[in-house]
Amino acid sequence: MAKGGGIGKLAGKSFLLRVTAAGMTYVFVVIMARIMDVKDFGVVGTIMSGSLFFSVVGCVGQRMALLRFVPLELEKNPGQPPTALIANAFRLALIGNFLVYLILVLAVVIGQQMGKVENASLIAFGLLIVPLTGIIDMQAHLARSYKSLFLAIMPKDILWRLFSLMLVVPVFFVLGEAIPLWVALVALFAVLVILIVGQGIVMQKYLGVPSFIGSMISGREALSDPAWKKSRVPFLVSSVAAQSLTSMDAALVGLFLGPHAAAIYFSANRLALMASFFAQSMNVVFAPEVSGNFHTGKKEEVRATTARATAVVFWPTVVVVAVLFLGGKTILSLLGPAYSEGYQTLSLLVLSSLVNAAVGAPEVILNMCGFEKYTMRVGVVTTTLAVILIYVFSLMYGIEGIAAAVLITTILRKIIMYYLCYVNLGFRTDIYSSMEIILKDRRKGRRIK
């Protein structure tokens with residue numbers, strides 16, 4: 001299915017956008033840390049990290065469903081958008097995100113009554129970022145299923161932070177002191193709303209598919225596809241489990257250790273993501289590619305594409321990991337003297353990224369090939385273990401303990417997924433096996449695209 005030079009070329013385009021996004025994230029963190037009080041920045045970091053996790057819960061597995069089923073529908077009916085599927089997925093995600101927001105607000109109110117939460121009304125407003133993140137991510141995943149990388153990555157990962165900075169930095173210079181928390185939250189909220197509307201308009205014009213808002217007023221046809229219905233719970237659990245190890249930890253730091261620790265951890269966490277954006281770049285095109293190939297009987301293409309994807313991700317990840325190990329403390333100190341405390345945390349989080357790259361993406365393959373019940377079960381076990389370890393280790397070792405908990409559960413989850421992929425599909429996803437496959441195919445004169 002990959003056009004324009006194969007999955008490697010598409011991943012290269014995704015990588016360039018991801019590099020830009022990573023750079024924008026770093027600039028955003030540096031500037032916001034400089035122009036805000038550490039405690040207020042900790043609140044912003046907790047909300048933004050939490051929005052990544054809780055919006056996944058709110059989307060009830062429909063982001064993954066779009067990647068799994070839209071490419072199949074396009075294979076069956078080229079040029080005809082699956083409007084019923086899209087509309088039903090969007091509607092379910094809207095309801096889920098609304099319910100998640102209400103639960104979060106209730107938790108804030110309870111926390112205020114217990115004396116644990118300050119500025120409850122302001123935080124409740126800031127939590128609107130959660131359902132908005134869910135909406136823009138749904139549109140981004142729909143764009144991914146159409147291989148529109150620009151629309152999938154640019155709005156939230158780059159423009160949201162850029163435009164927000166353009167609003168808050170002038171306020172900092174006008175005030176001559178740290179900007180208030182409400183200014184940052186209003187800017188993030190307003191920009192996100194504008195980007196959602198703009199992204200939807202562009203998708204309608206150039207892809208011919210309904211936006212999130214458009215799907216609410218059209219495409220009310222009930223979706224009877226049994227595969228879609230059966231996948232909802234497994235995809236929900238699988239996507240929550242996957243997101244848990246990348247954002248839940250940063251959200252829980254603020255709850256367990258307070259806003260100061262949250263600011264330190266959030267900065268280390270954001271920097272550590274530099275080691276994972278190669279995998280993220282590949283997954284933008286890898287998931288729909290696997291789905292299209294597997295369900296049209298091209299299982300050998302799945303094997304070859306997996307090998308190529310693992311190799312393309314692993315080697316540059318090794319380079320970034322080395323750079324962060326050697327220069328991470330210096331980079332963190334650029335945020336301010338207090339942030340260099342996060343170096344050990346950074347080192348542990350970077351090791352988690354290295355494990356992900358070395359093992360490959362067996363969980364993506366299982367989900368796209370119809371084995372989502374296995375990833376659901378593994379997700380329940382490893383996510384539960386992650387929460388327990390994060391809580392216990394945070395009390396014993398602080399933010400370093402939380403990072404260690406992430407590393408342990410990442411290793412366990414990857415080992416189990418790797419085994420399940422091998423048992424059910426008959427091939428390995430790790431870097432060693434992938435290099436063997438690539439070299440063997442090249443000796444036969446076959447180059448994997």
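The values are calculated or read from the model by the stated rules, or taken from the named source; none is laboratory data. Small disclaimer: the values here were computed from a predicted structure and weren't measured. Cβ coordinates were reconstructed from backbone atoms using ideal geometry, including for glycine residues, and neighbour counts include every protein chain displayed.
The sole residue among G61, G42, G96 that is touching a residue at least 24 places away in the same chain (Cβ under 8 Å), on the phi > 0 side of the Ramachandran plot, touching a helix residue (DSSP H, G or I) at 6+ places or on another chain (Cβ under 6 Å) and not acidic (D, E) is G61. In region 66-83, the residue that is surrounded by the fewest Cβ atoms within 10 Å (Cβ to Cβ) out of those that are of a type outside the set (A, V, I, L, M, F, W, C) and in contact (Cβ under 8 Å) with a residue 24 or more places away in the chain is E75.
Here are T25, T46: which of them is more than 22 Å from S239 (Cα to Cα), part of a helix (DSSP H, G or I), under 16 Å from the mean Cα position of the chain (by Cα) and β-branched (V, I, T)? Step through it out loud before you land on a result.
On the way: T46 fails: more than 22 Å from S239 (Cα to Cα).
Just a single option satisfies the conditions, and that option is T25.
Within region 293-320, if we keep just the residues that are surrounded by 17 or more Cβ atoms within 10 Å (Cβ to Cβ) and aromatic (F, W, Y), the residue that is modelled with the lowest pLDDT turns out to be F294. Within region 321-347, the set of residues being buried (at least 19 other Cβ atoms within 10 Å of the Cβ), part of a helix (DSSP H, G or I) and of a type outside the set (S, T, Y) comprises V321, L324, G328, I331, L332, E341, G342, L346. List, please: which pairs have Cβ atoms under 8 Å, are six or more places apart or on different chains, and start with a residue in region 313-339 that is in contact (Cβ under 8 Å) with a residue 40 or more places away in the chain and under 13 Å from A275 (Cβ atoms) and end with one that is crowded, with 23+ Cβ neighbours inside 10 Å and among the β-branched types (V, I, T)? Sorted first by the residue in region 313-339, then by its partner, the pairs are V321/V350; L324/V350; G328/V350.
Take region 49-75 and flag every residue that is within 17 Å of the chain's Cα centre (by Cα) and among the charged types (D, E, K, R). Scanning region 49-75 gives R63, R68. Residues of region 199-218 include none that is modelled with pLDDT of 90 or more, farther than 20 Å from G134 by Cβ and not charged (D, E, K, R).
Please go through region 173-192 and give me each residue that is closer than 26 Å to A22 by Cβ and either crowded, with 19+ Cβ neighbours inside 10 Å or touching a Leu at 6+ places or on another chain (Cβ under 7 Å) (or both), ordered by number. Across region 173-192, the qualifying residues are I179, L181, A184, L185, A187, L188, F189, V191, L192.
Taking the condition of being closer than 21 Å to L127 by Cβ and touching a Leu at 6+ places or on another chain (Cβ under 6 Å), how many residues in region 83-100 meet it? Qualifying residue count for the region: 0. Against the test of being of a type in the set (V, I, T), buried (at least 18 other Cβ atoms within 10 Å of the Cβ) and over 19 Å from L52 (Cβ atoms), the options I129, I123, I153, I86 yield a single qualifying residue, I86. The single condition among (1) in contact (Cβ under 8 Å) with a residue 24 or more places away in the chain; (2) more than 18 Å from the chain's Cα centre (by Cα) that D157 does not meet is (2). Against the numbered list (1) at pLDDT 85 or above; (2) farther than 18 Å from A227 by Cβ; (3) among the basic types (K, R), R63 comes up short only at (2). Scanning region 388-426 for residues that are outside any helix (DSSP H, G or I) and either surrounded by 19 or more Cβ atoms within 10 Å (Cβ to Cβ) or hydroxyl-bearing (S, T, Y) (or both) yields one hit, G398.
Restricting the first member to region 107-133 and to residues that are farther than 26 Å from K156 by Cβ, and the second to residues that are surrounded by 18 or more Cβ atoms within 10 Å (Cβ to Cβ) and not hydroxyl-bearing (S, T, Y), the beta-carbon pairs closer than 6 Å and six or more apart or on different chains are V117/V108; A120/V108. Candidates in region 280-292 are the residues that are crowded, with 24+ Cβ neighbours inside 10 Å and not aromatic (F, W, Y); of these, the one that is farthest from L324 (Cα to Cα) is S291. Can you say whether I135 is touching a helix residue (DSSP H, G or I) at 6+ places or on another chain (Cβ under 6 Å) and either surrounded by fewer than 22 Cβ atoms within 10 Å (Cβ to Cβ) or under 20 Å from V56 (Cβ atoms) (or both), as far as the supplied structure shows? Judged against the criteria, I135 is a match. Applying the criterion of being buried (at least 18 other Cβ atoms within 10 Å of the Cβ) and of a type in the set (A, V, I, L, M) to the residues of region 203-212, the residue that is farthest from A140 (Cα to Cα) is V209.
Cβ-Cβ distances below 7 Å connect the following pairs, each with a first residue in region 351-376 that is within 25 Å of A404 (Cβ to Cβ), a second residue that is surrounded by fewer than 24 Cβ atoms within 10 Å (Cβ to Cβ) and of a type in the set (F, W, Y), and a separation of six or more residues or different chains: A357/F314; A358/F314; V359/Y418; P362/Y418. Suppose the filter is assigned to a helix (DSSP H, G or I), at pLDDT below 90, touching a Phe, Trp or Tyr at 6+ places or on another chain (Cβ under 9 Å) and closer than 26 Å to S164 by Cβ; does Q243 pass it? It is true that Q243 is assigned to a helix (DSSP H, G or I), at pLDDT below 90, touching a Phe, Trp or Tyr at 6+ places or on another chain (Cβ under 9 Å) and closer than 26 Å to S164 by Cβ.
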